[in-house]
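Notes follow once the structure below has been shown.
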Amino acid sequence: MQRRWWLAVLAFLALVRLSAAQTTVHFKAADGKWKQAEARADAGAVLVTVNPSDTARGQTTLVVNKPSWMALEDDEPPRVVGMSWAGGRVSLSTPSTDLGAIVTLDGLSLKVEDTANPIDLAAVQVFLDGKLLGASAIKVITPAPHAKSAEIVCSIGKPSVGRHELLLSVADASPQQNRVTQRVLFSVFGFQIAADGKSATLAADGATYKVSEGRYVPVDIDGVAPMFLTVLFGKTFYFPRQIQRMEQKLDTPERKVLAVEADLGEEKSGALWPGGLVEYEFELRKGSPALTVTSRARNLDKKQECYCFWGWLPGASYVLPGPTRKPWSMKYDDLGKFDWVFLEPQRAGRNGIGIVTPLLVGESRFGTMLFYTDPKRIVTDRGQAVEMTLTVFPAKSAADVEAVAGGR
C-alpha cells in the first residue's frame, strides 16, 4: 500500500519542505474538513503554505499526493461483521464476544469491513492476554488490493488451561486511521497440573478454579473467594495441609476429573497427623461454568466420630429459592437443605457465588456460609470415609444460579 505522509504544522505561517517533488497536498482545516493547500515545486522539493487560522489550534495533518483510493472525509472505523471458529459461525457480539470453553483456537476468523477506505493491512494487530502476536500467528486475506474488507485468521494453537482474552485491533487506511477493537474471551477447557504437583488450574466454561497446597488446600472460585474443608476426628480439628497426589482420573471431550489426595494437619500446631487424609475429586463438564467437588475425609486410625464441613464462603447477603434474600445473622445457624444458594457479590461489578448441594446449609458467626453432612457427626471405622459433594460457580444473580441448578 502506498505510504501516506502527514505532518503537524505548529508555526503561525508554515513553510514545509518535503524531500521529493510532489504535486498535491491536502490539509485538515479547523472545521474538520479537508482542503487543498497551496504547494509549489522548488529545487527538487515542494513548498507548502498553510495559514494557521485555517487550522485547529495551529496544528494540522498533511496528505501528500493523495492516492485515488483514499477518502479523506472519513471518521468511521471499520466494522467487525462476522466471526467463525472450528468450521462454524459464532454469534457475534461487539465489542466483546465470549466463546466459552474451547480446546484450541486455531482457525478463529474475523471479518471486517469499512465503508469509505481500504483496510490497512499493516495496522492489523492481535493480542493474546496483552501480548502482541507475531506475523506467523496471523493471516490477513483480502479479495483485492486496497480492498475495503478483510478476513483475519488466527492460528495460535492451544493456550494454557484457563481464562484468556484475545484482542483484535484493525484500522482503515484513512489519514485518521480510524480503528475498531474486538475482544474475544475464551477458556481452555480442562485442567493443568503444576510441574511440582502441588497445584492445578481447572478451566470450565467461563470460569477458572485453582487448587493449591497450603494451610487449608483452598479451592479458589474464579477469583471471587476460596473455600476449604474443616475436619474433626474425635476431639481434634484438622485441616488439609500437604498434597501427596494429584493426577488425571478422567479426560474426555465432555468431562474432566482431577483426583487429589492431601494429608491432614492439626489445627493449632500444623503437625501432620497420620490418622487420616482427604481425597478430592474435581469435575468439570463441557458447557457448564461449574466445578463439582467431592471430598472424602478418610479415617486411618481407630473407630471414632468424624465431623466435617465446607466453608467459609462470603457474600454481601444470600438468596435462597423463592427467591428469598436474607441478611447475615452473624451467628451459627442451621438453615436447612435447598436446591441452590446464591451468595451475593460483595462489591459492585463483581461476581457472587452459586452453590448447588445436597448438604445441610448453615451460617457462621462471621457472615459466611458453611455446608455440613446430615447428621453432622458420623461414626467411622478404620478405613471408612465421610463423603461430601457440592457444586460451585461464579454467578451474577440468583436467576443464573437457578438456571445452572436446573440444568444439572
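The values are calculated or read from the model by the stated rules, or taken from the named source; none is laboratory data. Remember, predicted model here, so these are calculated numbers, not experimental data. Cβ placement follows ideal geometry from the backbone for every residue including glycine, while neighbour counts extend to all protein chains displayed.
Residues are listed down the side, and each one gets a yes or a no for (1) more than 22 Å from residue 359 (Cβ to Cβ); (2) modelled with pLDDT of 95 or more; (3) under 22 Å from the mean Cα position of the chain (by Cα):
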site: 204; (1), (2), (3): no, no, yes
site: 226; (1), (2), (3): no, yes, yes
site: 254; (1), (2), (3): yes, no, yes
site: 267; (1), (2), (3): no, no, no
site: 273; (1), (2), (3): yes, yes, no
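Just checking, how many residues over region 242-287 are part of a loop (DSSP other than H, G, I, E, B), charged (D, E, K, R) and closer than 30 Å to residue 402 by Cβ?
Residues flagged as part of a loop (DSSP other than H, G, I, E, B), charged (D, E, K, R) and closer than 30 Å to residue 402 by Cβ within region 242-287 amount to 2.
Between a residue in region 124-153 that is assigned by TED's automatic domain parsing to the domain that holds residue 178 and any residue that is part of a strand (DSSP E or B) and of a type in the set (Ser, Thr, Tyr), which pairs come within a Cβ distance under 6 Å, given they are 6 or more apart or on different chains?
125/169; 151/109; 153/109
Go through region 235-288 and give me each residue that's aromatic (Phe, Trp, Tyr) and under 21 Å from residue 221 (Cβ atoms).
If the condition is that a residue be aromatic (Phe, Trp, Tyr) and under 21 Å from residue 221 (Cβ atoms), then 239, 280, 282 are the ones that fit.
Restricting to region 154-207, give me the number of residues that are at positive phi, free of Cβ contacts under 8 Å to residues at least 60 places away in the same chain and assigned to a strand (DSSP E or B).
Residues in region 154-207 being at positive phi, free of Cβ contacts under 8 Å to residues at least 60 places away in the same chain and assigned to a strand (DSSP E or B): 1 in total.
Can you go through 302, 326, 337 and tell me which one is free of Cβ contacts under 8 Å to residues at least 12 places away in the same chain and either basic (Lys, Arg) or outside the structural domain of residue 377 (by TED's automatic domain parsing) (or both)?
Exactly one residue qualifies, and that residue is 326.
How many residues does region 288-334 contain that are surrounded by 15 or more Cβ atoms within 10 Å (Cβ to Cβ), of a type outside the set (Gly, Ala, Ser) and in a strand (DSSP E or B)?
Qualifying residue count for the region: 20.
Pull up region 81-106, narrow it to residues that are more than 20 Å from the chain's Cα centre (by Cα) and in a strand (DSSP E or B), then point me to the one that is modelled with the lowest pLDDT.
88
Could you grab me the full set of residues in region 1-45 that are small (Gly, Ala, Ser) and either part of a loop (DSSP other than H, G, I, E, B) or at pLDDT below 50 (or both)?
8, 11, 14, 19, 20, 21, 29, 30, 32, 37, 43, 44, listed by residue number.
Would a scan of region 70-80 turn up a residue that is outside any strand (DSSP E or B), buried (at least 18 other Cβ atoms within 10 Å of the Cβ) and modelled with pLDDT under 95?
The answer is no; no qualifying residue exists.
Do we find that residue 297 is modelled with pLDDT of 95 or more, touching a helix residue (DSSP H, G or I) at 6+ places or on another chain (Cβ under 8 Å) and not basic (Lys, Arg) in this structure?
Against the criterion (modelled with pLDDT of 95 or more, touching a helix residue (DSSP H, G or I) at 6+ places or on another chain (Cβ under 8 Å) and not basic (Lys, Arg)), residue 297 does not qualify.
Among (1) within 47 Å of the chain's Cα centre (by Cα); (2) among the charged types (D, E, K, R); (3) surrounded by 14 or more Cβ atoms within 10 Å (Cβ to Cβ), there is one condition residue 54 misses while meeting the rest; what is its number?
Status for residue 54: all satisfied but (1).
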